[in-house]
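The numbers here are math on the coordinates, done by the rules we state, and not lab data. Just so it is clear, the model here is predicted, and its values are computed rather than measured. Positions of Cβ are generated from backbone atoms using ideal geometry, with glycine treated the same way; all protein chains shown enter the neighbour counts.
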Amino acid sequence: MKTTGLSQAKIARELTKEYIAKKAYCNDMFTKVDVLAIVSAFDDSAMVLQEMGKQDFLECIGYDFLPSNGVLMTVRCVLWLFNIDTSKTSDSIVWSGIWAAWIVKNIDAHVLGWEWMTCNEPLGLFTKPYDLSSKYLDEIEIILPEIAATAQQTWQPAYALLRNWVCCAFDYLHMATNVLPINPLAKYIATLLEPSKRTPKENIWFVAHTEDDVPFYYNRHSQECVLDEPEDFDGARVLVPRFMELQMLDVLMGDANLRAEVEVRRHLLEMARDKDNAWVECYDYITKARYYYSLQRLKLSYSRPNSRNIIKAETSPAYRSVIRIQSAYRRRQAQELVNEKRAKCKQMPRFQTRHFF
């Protein structure tokens, strides 16, 4: 650092700024670079962000008001990292103009394909730090503290993850640009920053679930979906990103037969969830009113219970069994009453003739 002509206060400020910038990567003596931690943090933030769907980013763009200042500054940082200057542009134009057009274009370009199915990690937007620009690192460094100070409740989930990605991307670029070149082990450390080789997936099947939790299985070779687990299913431990689940769901819902079968299985799942909350719908012919009875809880209700497992009395085997038992019990009671009356009749005096006079 050149110090000629600078005051002591200016030199102290510059040294403090340099220390803060390098503190994340170096120890107090500036001799050890924690490269692996920074690279891992960037990879983790990119993986989490990649699972967000397109609608998660676009939904809030259609609002009639601008988002919080932290979201706007995060968007500016993302555009700067992709070498798009927005320094002299108003917030409204950046948000509803530049950012809206940029995010739609790039998400469509990177997400609509099926490239993830042939690789061992997600591809596309936000996943390649070596393609980012370091031109606006100084501007990003200035506003990062303001972004971090923004209240958490003002963040939409997708943009909160985007904020984390911006912080990790800044650390990565700052390390690669300002710290590594002056490190004695720069050549060796640079090999750690190279993109990993992508190896083809070995599994053929992927499993996902509909919104109603109905499982379905996707074959990456035939690009078809089935609802029954295949005999050669090998994707139990494969984590499918959310954006891929949405595309697999589109394939599933594009088949009318599978769509109808999904509806049947959804109903069966709801019935299974309420198997311990079964009710029988009965009808009282005297009061002309319906009532509900739970054979499991032994409860009677005159209002419809909050349960999917409600069946008609005519179709309930348990209810028919109760009626048969009840009928048998009442028949026995009636028979006992008849026998009792017959016994009393036998004890009464008998007359030889009906003519008493």
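Taking the empirical scaling 2.2 N^0.38 Å for compact globular proteins as reference, region 205-273 has a Cα radius of gyration ratio of 1.07. The fewest-to-most ranking of CYS282, CYS167 by surrounding Cβ atoms within 10 Å reads CYS282, CYS167.
From least to most packed, judged by other beta carbons within 10 angstrom and beginning with the fewest, SER87, SER96, SER134 follow the order SER87, SER96, SER134. Put in line by how crowded their Cβ is, counting other Cβ atoms within 10 Å and starting with the fewest, ARG290, ARG237, ARG265, ARG330 read ARG237, ARG330, ARG290, ARG265.
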